[in-house]
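I have placed the structure first, in the form of structure tokens, so that the comments after it can refer back to it.
The values are calculated or read from the model by the stated rules, or taken from the named source; none is laboratory data. Keep in mind that this is a model prediction, so the values were computed, not measured. Methodologically, a virtual Cβ is constructed for each residue, glycine included, from the backbone with ideal geometry; neighbour enumeration extends over all protein chains shown. SASA here: full protein model, heavy atoms, side chains in, ligands and nucleic acids out. Shrake-Rupley method; radii C 1.70, N 1.55, O 1.52, S 1.80 Å.
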Amino acid sequence: MGRIELKGVRKAFGEVEVIPPLDLAIEDGEFCVFVGPSGCGKSTLLRLIAGLEDTSGGHIEIDGLDMTDTPPARRGLAMVFQSYALYPHMSVRKNIAFPMKMAGVDAAEQARRIEAAARALNLSDYLDRRPGQLSGGQRQRVAIGRAIVREPSAFLFDEPLSNLDAALRVGMRMEIGELHEQLSTTMIYVTHDQVEAMTMADRIVVLRAGRIEQVGTPLDLYRSPRNLFVAGFIGSPRMNFVEGEEAGRHGAHTIGIRPEHVRVGEGPWRGTVGVSEHLGSDTFLHVHGTGLAETITVRAGGEVPLRGGDPVSLAPEEGKLHRFGPDGLRL
Amino acid sequence: MATKASRTAARLMMAPAVTLLLGWMLVPLVMTLYFSFADYRPLRNVFEPWAGFGNYERFVTSSAFWPSVWTTLVLVGAVLAITVVLGILLAMLLDQPIWGRGAVRILVISPFFVMPTVSALVWKNMMLDPVNGVFSHVARLLGAQPYDFLTQAPLPSIVLIVSWQWLPFATLILLTAVQSLDREQLEAAEMDGAPPLARFRYLVLPHLARAITIVILIQTIFLLSIFAEIFVTTGGSFGTRTLTYLVFQRVLEAQNVGLGSAGGILAVLLANVVAIFLMRIVGRNLDA
Ligand SMILES: Nc1ncnc2c1ncn2[C@@H]1O[C@H](COP(=O)(O)OP(=O)(O)O)[C@@H](O)[C@H]1O
Ligand SMILES: [Mg+2]
């Protein structure tokens, strides 16, 4: 079980209100990702749930019980920190055993769970090493192992992959995803990387300055962002925004169109190619001089023969246009 | 760029300093070694350059020798124990965000700035004195008989004074170590269900091991040569005569330089034995 509900949770550091009152329910077994730019309060929110910070107001319920003032150890949650926070003086085995030792689990059971976790996480060969002798990815796995053996009702991850290199990050992303499949335990995962959010989440919570901008499945957010912030934040490369006359033609203050929804070919928008990024599978064209916005980014096929300076004409897919009002909200 | 020429130049430029330092250390040691084998009593105009191991024999067999070794070890051990334990507690306390932390820190450090002679005098005359001392006033205020610390418990009194002087050093080193402990580790342990004492035992203490080692080794070196505190308070009587103090008495009071030098060399040997012993039990932490 692991249903977590935040009711009017608020957090202020002194005078500064980092999290204005916020309501959110995370369902049992869900993989929920908090995403938002750096400094928007994701970690603070996670730490409030963990109990590492005291709330300034509101209630936190876990499985229907009010846990607002329960110390972290008794909330039944396990956390994986960005810095891994392994105990440097203990071997991997002792690191993983530590929460069980504190809980008074008997030795045979400890050994069994360590064995299982080590097998699941490919750590069997490293159990007697110290954390200092492991690579970043292995340390991350030890941290996850230490969380698993507690058999928590929910896992909390705070940017667990941000210290890894790009290739490793993709691998670990899959591993954490598989772990969730296996355990089907609630997971709350904090990241500033919208790609991680899109690929891993059942449900994404987009935060800005401590406020929830939108909650929904990855495709919900992609298809119908509630406002300009979410529209710009989700999706890569960023959505193009056009204001003024062209937007007015569509009855909106601002229109947004994703790069993948603009076709190269006969169309109403004309400009010159600036930088073109050839990725092999795709080509990203940055088109200037359209008179609509400073640049319009277009995702074209991998074999597009256009280079910098070439004139180009563009056709937005009308059905994929997003329309926003003057207050930034979706129309 | 460490080219061959630049390395040679560096050696040349370091040479004067190295020579000076070597001379500085070696000359007194060699002279002491030389005198320790001589029968040298300047006031009686005796100078016999070679007296064999006679000085050593007399020094070791004198009735004062073993008690002085014991006193030295007790003094060093007690001060180490007190400063390390209290130092850890104070360091943990000063790491907390308490009100007026900056001022408290400076207060805690301040005994270190007081000269040993001065602090011993202050303790003797203003704190421990059975008539005028602060403790005796407190005792009288509570209706108790004032306690004459320096005659009733001379060694513990000196331990108290020396500990007071060295506590700031221990606290300072341990505080920097406490502050370098990763907060997330403590939080992880908190989530793992470790109560404060377990966090101390399994995280803080191992983290401090290296700093504790440094405190112990450095303090031992200085504590073995404690002198002013004994000179000022008890003058070496009532079982407070350490090896250092015994050497002082042999050289200056008995004017026997040869005998004193032999004692000095023995003190160096004792210091090495203690250091090796300490290295073996705590030195492992240095390469952890
Ligand atoms: N202990 C603290 N004291 C004061 N301000 C804090 C503290 N922790 C975080 N903040 C502030 O709260 C805001 C959100 O921080 P954080 O939750 O770490 O952001 P994120 O994890 O989304 O990058 C930041 O502006 C940060 O400066
Ligand atoms: Mg953060």
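Could you work out the equivalent-ellipsoid semi-axes for chain A, taking the square root of 5 times each eigenvalue of the Cα gyration tensor, largest first, in whole Å? Please list the in-between numbers first.
Working: eigenvalues 379, 125, 43 Å².
Over the Cα atoms of chain A, the ellipsoid semi-axes are 44, 25, 15 Å.
Give the shape of chain B as rounded, prolate or oblate, defined through the alpha-carbon gyration tensor: a ≥ b ≥ c are the square roots of its eigenvalues, a/c under 1.5 means rounded, and otherwise the shape is prolate if a/b is larger than b/c and oblate if not.
Numbers: a/c = 2.20, a/b = 1.22, b/c = 1.81.
Oblate shape, in that a/c is at least 1.5 and b/c is the bigger or equal ratio.
So what is the accessible area of region B:9-95 per residue, in Å², with the probe set to 1.4 Å?
Details: 5700 Å² over 87 residues.
It amounts to 66 Å² per residue over region B:9-95.
At the nearest 100 Å², what buried accessible area, both sides summed, do you get for A and B when the probe is 1.4 Å?
1700
Per-residue HN-Hα couplings for region A:125-134, Karplus 6.51 cos²θ - 1.76 cosθ + 1.60 at θ = phi - 60°, whole Hz, x for Gly and Pro?
For region A:125-134, the Karplus curve yields 7, 10, 4, 9, 8, 8, x, x, 9, 10 Hz.
Taking chain A as a Gaussian network, where each spring joins two C-alpha atoms under 10 Å apart, which residue of A:Gly51, A:Gly308, A:Gly136 fluctuates the most?
Sorting by GNM fluctuation, first place goes to A:Gly308.
How much of the accessible area of chain A, probe 1.4 Å, is carbon plus sulfur, in whole percent? Before the final figure, lay out each step's value.
Working: 7050 of 14670 Å².
Carbon with sulfur: 48 percent of the solvent-accessible area.
When chain B is treated as a GNM, springs tying every alpha-carbon pair under 10 Å, which of B:Asp182, B:Asp148, B:Asp129 comes out with the largest mean-square fluctuation?
Greatest mean-square fluctuation among the candidates belongs to B:Asp182.
Treating the angle as unsigned and between 0 and 90°, give the value, to the nearest 10°, between the Cα long axis of helix A:92-103 and the longest Cα principal axis of chain A.
The helix A:92-103 is inclined about 70 degrees to chain A.
Which distance in Å, rounded to a whole number, links the C-alpha centroids of region B:86-151 and region B:222-284?
Result: 26 Å between the Cα centres.
Which residues of region A:65-94 show a drop of at least 40 Å² in accessible area when all protein chains are present, compared with their chain alone (probe radius 1.4 Å, heavy atoms only, ligands and nucleic acids excluded)?
Those are A:Pro72, A:Ala73, A:Phe81, A:Tyr87, A:His89, which lose 40 Å² or more relative to the chain on its own.
Calculated FRET efficiency, A:Arg129 and B:Asn132, Cβ-Cβ r, R0 45 Å, to nearest 0.05?
Numbers: r = 63 Å, r/R0 = 1.39.
Efficiency at R0 = 45 Å is approximately 0.10.
Say we join alpha carbon atoms closer than 10 Å with springs in a Gaussian network model of chain B; which of B:Gly193, B:Gly77, B:Gly133 then has the biggest fluctuation?
Taking springs between Cα atoms under 10 Å, the residue moving most is B:Gly193.
Could you pull out every residue, at least 5 positions away or on a different chain, whose amide H is within less than 5 Å of the one on A:Glu53? Hs are placed 1.01 Å off N in the peptide plane, and Pro or chain starts have none.
Those qualifying (amide H under 5 Å, at least 5 residues apart or on another chain) are A:Leu48.
Expressed as a whole number of Å, what is the distance separating the alpha-carbon centroids of region A:230-269 and region A:111-146?
Computed from Cα coordinates, the inter-centre distance equals 47 Å.
So who's got an amide H within less than 5 Å of the one on A:Leu127, skipping anything under 5 residues away but keeping other chains? H placed 1.01 Å off N, in plane.
For A:Leu127, no residues qualify.
Quick check: the distance between the Cα centres of region A:46-99 and region B:8-38, to the nearest angstrom?
Rounded to whole Å, the Cα centres lie 59 Å apart.
List every residue whose amide H lies under 5 Å from the amide H of A:Val18, counting only residues 5 or more places away in sequence or on a different chain, with H placed 1.01 Å from N in the peptide plane.
A:Lys11, A:Ala12, A:Phe13
From the phi angles alone, apply the Karplus equation (6.51, -1.76, 1.60; θ = phi - 60°) to region A:257-267 and give each ³J(HN,Hα) in whole Hz, x where the residue is Gly or Pro.
Couplings: 9, 6, x, 6, 10, 10, 9, 8, x, 4, x Hz.
Which aspartates and glutamates have a Cα less than 17 Å from the Cα of A:Lys7, not counting those fewer than 8 places away in the same chain?
List returned: A:Glu17, A:Asp23, A:Glu27, A:Asp28, A:Glu53, A:Asp54, A:Glu61, A:Asp63, A:Asp66, A:Asp69, A:Glu213.
Grab the DSSP H runs of chain B that are 4 residues or longer, score each as -39,500 (n - 2.57), total them, divide by all residues and round the 222 nm result to the nearest 500 deg cm²/dmol.
On the way: 14 runs with 196 residues, N = 288.
Computed mean residue ellipticity for chain B: -22000 deg cm²/dmol.
Enter the accessible area per residue of region A:4-230 (Å², integer; probe 1.4 Å; all protein chains in place). All intermediate terms of the calculation are to be shown ahead of the outcome.
Working: 9400 Å² over 227 residues.
In whole numbers, region A:4-230 has 41 Å² accessible per residue.
What does the charge count around A:Ala97 come to, taking other residues whose C-beta lies under 12 Å from its C-beta (Lys +1, Arg +1, Asp -1, Glu -1)? Don't jump to the answer; show the numbers that get you there.
On the way: positive: A:Arg93, A:Lys94, A:Lys101, A:Arg112, A:Arg113, A:Arg146, A:Arg150; negative: A:Asp106, A:Glu109, A:Glu115, B:Asp192.
That works out to +3.
Order of B:171-180, A:183-192 by packing, highest average Cβ count within 10 Å first? Don't skip to the answer; put the middle values down first.
Details: B:171-180: 18.5, A:183-192: 21.8.
Answer by packing, highest mean first, reads A:183-192, B:171-180.
Rounded, prolate or oblate for region B:140-288? Axes are the square roots of the Cα gyration tensor eigenvalues, ordered a ≥ b ≥ c, and the cut-off for rounded is a/c under 1.5.
The shape class here is oblate.
Apply the a/c threshold of 1.5 to the C-alpha gyration tensor of region A:241-324 and tell me whether it is rounded, prolate or oblate.
Numbers: a/c = 2.24, a/b = 1.71, b/c = 1.31.
Note, shape of region A:241-324 comes out prolate.
Report ³J(HN,Hα) in whole Hz for each residue of region B:140-156, in order, from the Karplus equation J = 6.51 cos²θ - 1.76 cosθ + 1.60 where θ = phi - 60°; Gly and Pro get x.
Calculated HN-Hα couplings, in order: 5, 4, 8, x, 9, 6, x, 9, 8, 3, 5, 9, 6, 9, x, 5, x Hz.
Please give, to one decimal in nm, the separation of the simple spin-label points placed at A:Arg223 and B:Arg44, each 7 Å out from Cα toward the Cβ.
Distance between the two pseudo-spin positions: 11.0 nm.
Per DSSP H run of at least 4 residues, take -39500 (n - 2.57); add these up for chain A, divide by its residues and hand me the 222 nm value, nearest 500 deg cm²/dmol. Walk me through the intermediate numbers first.
Numbers: 9 runs with 90 residues, N = 331.
Rounded to the nearest 500, the figure is -8000 deg cm²/dmol.
Carbon and sulfur atoms: what percent of the 1.4 Å accessible area of chain B do they account for? Kindly include the intermediate steps, with their values, before the conclusion.
On the way: 11700 of 16210 Å².
Solvent-exposed carbon and sulfur of chain B make up 72 percent of the total.
When only DSSP loop residues count, what GluC sites (Glu not before Pro) in region A:1-105 have their Cβ near at most 15 other Cβ atoms within 10 Å? Can you show the working numbers first?
Numbers: sites: A:Glu5, A:Glu15, A:Glu17, A:Glu27, A:Glu30, A:Glu53, A:Glu61; in loops: A:Glu15, A:Glu27, A:Glu30, A:Glu53.
Loop-located and lightly packed - A:Glu15, A:Glu27.
For region B:190-272, state which GluC sites (Glu not before Pro) are in a DSSP loop and have at most 13 other beta carbons lying within 10 Å of their beta carbon.
Details: sites: B:Glu190, B:Glu229, B:Glu253; in loops: none.
Answer by residue number: there is no such site.
Using bins 20 angstrom wide from zero, how does P(r) for the protein assembly as shown break down, in % of all Cα pairs?
Going from the shortest bin to the longest, the percentages are 14, 31, 27, 18, 8, 1.
On average, how much accessible surface per residue is there in region B:144-288, in Å², for a 1.4 Å probe, leaving out ligands, DNA and RNA? Display every interim value, and only then the final one.
On the way: 6340 Å² over 145 residues.
For region B:144-288, the per-residue accessible area is 44 Å².
Counting chymotrypsin sites (Phe, Trp or Tyr not before Pro) as exposed when in a DSSP loop with at most 12 other beta carbons within 10 Å, what is the longest stretch of chain B free of them? Display every interim value, and only then the final one.
Numbers: sites that count: B:Trp50, B:Phe53, B:Trp99.
Excluding the exposed sites themselves, the longest stretch runs over B:100-288.
Which trypsin sites (Lys or Arg not before Pro) in region A:267-331 sit in a loop by DSSP (not H, G, I, E or B) and have at most 16 other Cβ atoms within 10 Å of their own Cβ?
Values: sites: A:Arg270, A:Arg299, A:Arg307, A:Lys320, A:Arg323, A:Arg330; in loops: A:Arg307.
Listed in order of number, the matching sites are A:Arg307.
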